[in-house]
Amino acid sequence: MRTKKLRGKKRRLRIIKLRLLQATSVFPTHFVYGVHSLKLPTSQVFVEFLSEKGKHEIKQELLASAMTLRQLKPHQQAKIAVLHFPDNMFRSEIVVFNSEQSAELFFDSRKVNWTERRELAIPDSEWLQKVFLERIQDGQEQQIVCYIER
């Protein structure tokens, strides 16, 4: 079956970058259970049709937006993380935690389905990379790469 050609890819990527920039221009003040989530501002169909280069651009923009939020932090207790799903890019998001305890609760509550594979400190960076495996339906697993602020 032929897939339809994806039109306006550059324009849509530019709009995604602009929306992420707008969403991260001010540090969030509304937290639900100590967590504020910034989802990817686009459709799932568009992300699925992107090439690896386009997906890499989105990942880099998520990290850049998280760095912007990091500079806007009103207090040191707040933590920022970027959840990157290489197999399902649409689920990728920036997560802002109100406090260190909120971050711990967030990751502890997901230990039922997530198993940590490795942890890596990124040299010359403020980020710590954690790789998880998430158990999904039918015994399958998908990888989650989490960049969390040190």
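When the helix-only estimate is applied to the chain (DSSP H runs of n ≥ 4, each -39,500 (n - 2.57), divided by the residue count), what is the mean residue ellipticity at 222 nm, nearest 500 deg cm²/dmol?
Details: 4 runs with 52 residues, N = 150.
Calculated at 222 nm, the ellipticity per residue is -11000 deg cm²/dmol.
How much accessible area per residue does the chain have, in Å², with a 1.4 Å probe?
Numbers: 9620 Å² over 150 residues.
Roughly 64 Å² per residue, with all protein chains present.
Using a Gaussian network for the chain with springs between C-alpha atoms less than 10 Å apart, which of these wobbles most: Ile136, Ile15, Ile94?
So, out of Ile136, Ile15, Ile94, the one fluctuating most is Ile136.
What percent of all Cα-Cα pairs in the chain falls into each 5 Å bin, going from 0 up to the bin containing the maximum distance?
Distribution as computed: 2, 9, 17, 21, 20, 16, 10, 4, 1, 0, 0 percent.
Using 0.36 nm times the number of residues separating Asp108 and Ala64, minus their current alpha carbon distance, what extension gain do you get?
Extra length available between Asp108 and Ala64 comes to 13.2 nm.
Take the cross-link list Lys5/Lys73; Lys9/Lys111; Lys55/Lys111; Lys5/Lys111 and give me the ones stretching past 31 Å between alpha-carbons.
Numbers: Lys5/Lys73 41 Å; Lys9/Lys111 37 Å; Lys55/Lys111 27 Å; Lys5/Lys111 40 Å.
With Cα atoms farther than 31 Å apart: Lys5/Lys73; Lys9/Lys111; Lys5/Lys111.
Report the chymotrypsin sites (Phe, Trp or Tyr not before Pro) located in the range 21-129 that are in a DSSP loop and have at most 14 other Cβ atoms inside 10 Å of their Cβ, or state none.
Numbers: sites: Phe31, Tyr33, Phe46, Phe49, Phe90, Phe97, Phe106, Phe107, Trp114, Trp127; in loops: Phe31, Tyr33.
Those that pass, being in a loop and sparsely packed, are Tyr33.
Using a 1.4 angstrom probe on heavy atoms only, work out the carbon and sulfur share of the accessible area of the chain in %.
On the way: 4790 of 9620 Å².
Roughly 50 percent of what the probe reaches on the chain is carbon or sulfur.
The values are calculated or read from the model by the stated rules, or taken from the named source; none is laboratory data. Computed from a predicted structure; not experimentally measured. Using ideal geometry, Cβ is built from the backbone for each residue, glycine included, and neighbour counts are taken over all protein chains shown. Remember, those area values only see protein heavy atoms, side chains included, never the ligands or the DNA or RNA. Shrake-Rupley method; radii C 1.70, N 1.55, O 1.52, S 1.80 Å.
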